[in-house]
Amino acid sequence: MSDQIREMMDVPRDFLKDGTQFLNRCTKPDKREFIKISQAVGVGFIVMGTIGYFVKLIHIPVNNILVGGA
């Protein structure tokens, strides 16, 4: 019985220990790293927007022709 209680008490302690280790390892990105991440996100937005635009440009008129403009 006491082993189960001890295990129950170890779970939050281990979680807090792992959490503090994780936060200590995390670092704020420097200016160069932030710019690279921002550029990657920007390129992703542009690519996905372009794909969405062409899908809308091609798919909707073709769909209206096939369905009959309901």
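Any read-out appearing in this document is the output of simple, stated calculations on the displayed coordinates, not a laboratory observation. The structure presented is a predicted model; accordingly, all values stated were derived computationally and were not measured. A quick note on method: Cβ atoms are made from the backbone with ideal geometry, for glycine too, and the neighbour counts reach across all protein chains shown.
Of note:
- Hz values of 3J(HN,Hα) by residue in segment 28-45 - Karplus curve (6.51, -1.76, 1.60), Gly and Pro given as x: 6, x, 7, 4, 5, 5, 5, 5, 5, 5, 5, 5, 4, 5, x, 5, x, 4
- One decimal place: the segment Asp18-Tyr53 gains 8.1 nm when fully extended, by the rule 0.36 nm per residue minus the C-alpha distance.
- Integer Hz, Karplus 6.51/-1.76/1.60 couplings in order for segment 12-25, x for Gly and Pro: x, 5, 5, 4, 5, 5, 5, x, 5, 4, 4, 5, 5, 6
- Set the Cα radius of gyration of the chain against 2.2 N^0.38 Å, with N its number of residues, and you get 2.37.
- Net charge dipole size for the chain [Lys, Arg +1 and Asp, Glu -1 on Cβ; Debye, nearest 20]: 460 debye
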